[in-house]
Structures are given as C-alpha cells and as structure tokens.
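Chemist: Below is one structure. I have some questions about it.
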Amino acid sequence: MKTRRSDRLIDMTRYLLERPHTLVPLTFFSRRYESAKSSISEDLAIIRRTFKQRQTGILETVPGAAGGVRYVPMIGLDEANEFIDEMAGRLADSQRLLPGGYVYLSDLLGTPDVLRQIGRLIATQYLDSRVDAVMTVATKGIPIAQSVSQYLNVPFVIVRRDSKVTEGSTVSVNYVSGSSDRVQKMELSKRSLRAGEGVLIVDDFMKGGGTVNGMKSLIEEFDAETVGVSVFAEGTFNGDHMVDDYTSLLKVDTADAKDKNIHAAAGNYLQRNDDLLKELGE
C-alpha cells in the first residue's frame, strides 16, 4: 500500500537508525513504500539535512546500480563537551572512591542514556577506521563494548580471566597487571576472532594499562590488528603506562582514599578528536 510522505519519513529514519553502517538500496525503500525513486531521494535529502543539523550522524550516498544510502552515527562537539563535563561532575563525588584509588562506576555504566553517549563518542572517533570487532574484558567493560559495537554495527568479544566450558577451545596469554605487578591470565575463545581483523579495545577504567596490554597481546595471538584503545576513565598512576596510545573520556587525576579527596576532569578524547568533531559539525 502506498505510504504518505510523513509516514515514510518516520519509518525510514527508524530503519536507518537501527542499522548503522549498513548500505540500504533505494530500490528497497521504493518497494517498501510503493513510491518512485525520485520521491525516496527527496525524503532522504530531508533526513540527511536533519541528521546534519542535529549532528545525529551522516547519511552517505553510494552511487551506481549497487549503491544506496548508509547511516554513519556521530556526535557533535557541543554535545560531546556537555556529556563529558556532566560525567566529570558526577565522578567528582568522594563517595565513589574505592580502596586502591579505583572509582565506583557501576551506576553510570548501568544507565542506558550514559551508555548510548559513550557508544556514540567512541564510535565517532573510529567512523573512518576498519573495525571488525570490539573487545573488552569481563565484566565492567561489557556494557561499553555492547554500546560501541551497536553504533559501529560489528560484533563484540569478551575476554575472560577464567575458563568457561561454553566457550570451547580458547587462546590464553599471561600479562602483568600494571597496578599490582602480578602475573595474571586472560583467554578468549578461538572462534571469537579471525586473522587480519581490526579490533577496537574498550574498557571502563585504566590505571597502569596492564589489562589493555594483555588484550593487545591476545589480539596478536590471533594474527589480528589492534585498531585503537578507548576507556571510559583513566586513573592517576605513579609509574610508566604499559600502553601509550589510548583515548580516555575522563581522567581521575587526584584520588586520596585516606582523605576522601577525588577530582575528575576531561580525558584526552576531546583534545585528540577536536579537529574531527569540528569538521563533522560544519
């Protein structure tokens, strides 16, 4: 049945938002709404303009017989600044300070709105990179990995520190914890990654970088490639980081468990992506 333009616009927008980085042929929309391609093109122009104005994302057009449109999620500079400032304020609560200089994050990482924004921020940084999978270590990084993978439309894989019979055969590596200097083990199912894949590492909190370094070693065991490292927050660490190239949304730069003193600020995300965010907003 032929569909009215207002109804088409709503349904097309929903369809595209639910399928990021997916090429959708114009013929699909034409058949779906029993409308001419010229009408569909006009509708997509309206959606593209609105996405750009609201900095919701980019609607790419791929020409040719096998072409179509592809929705690429993103976040604008103003919205990124606002979110990071809000998170820094919420982290600067002395009640969040845990023994060892860690910070309680479970309430934030259990909030859908927060996770959506984290996913958009990290996905925006890697919108031009070839990411085939998102990797994290159980358990706090799982919701972040799921959100990022949704916006990049790729699978996420979970590294574990103990064996699970449901994982089948696994590949394991030993790594040195950056915060405790202890040798620990992590493993991943052999079916999780394929040789040559690009893997984005995400995690909730990083201090010395030992866990992230272990995941990088694990990726090498699969003959895959680390595309990047992004963490929600990093903490102050007295020593050399085991990972130099990483992005953090937030930084807890002062944490004194004895005096219950904690200070949180923006991490290096905005600085590293300033040009990209400005370009996307133009």
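What follows draws every value from the coordinates through simple rules; no lab data is involved. Worth saying up front: this structure is predicted, and the values here are computed from it rather than measured. Please note: Cβ atoms are built from the backbone with ideal geometry, for glycine as well, and neighbour counts cover all protein chains shown.
Chemist: What Kirkwood radius, in Å to one decimal, follows from the Cα pairs of region 87-213?
Modeler: It works out to 15.8 Å.
Chemist: In nm, to one decimal, how far is the modelled label at Ser169 from the one at Lys37, with both set 7 Å along Cα→Cβ?
Modeler: Result: 4.8 nm between the two label points.
Chemist: With a cut-off of 8 Å between alpha carbons and a minimum separation of six or more residues, what is the relative contact order of the chain in percent?
Modeler: Computed over the chain, the figure is 16 percent.
Chemist: Using the per-residue mean of other Cβ atoms lying within 10 Å as a proxy for protection, in what order, highest first, do the peptides 77-85, 229-237 fall?
Modeler: Descending packing order for the listed peptides: 229-237, 77-85.
Chemist: What order, most packed first, do the peptides 193-200, 113-120 have when packing is the mean number of other Cβ atoms within 10 Å of each residue?
Modeler: Packing order, densest peptide first, comes out as 113-120, 193-200.
Chemist: In the chain, if every C-alpha pair distance is counted and binned at 10 Å from zero, what percent goes to each bin?
Modeler: 6, 26, 30, 22, 11, 4, 1
Chemist: Please give me, ordered by residue number, the GluC sites (Glu not before Pro) of region 1-70 that lie in loop per DSSP and have at most 12 other Cβ atoms within 10 Å.
Modeler: Listed in order of number, the matching sites are Glu18, Glu34.
Chemist: By counting other Cβ atoms within 10 Å of each Cβ, how are Lys251, Lys2, Lys190 ranked from fewest to most?
Modeler: Final ranking by Cβ density, sparse to dense: Lys2, Lys190, Lys251.
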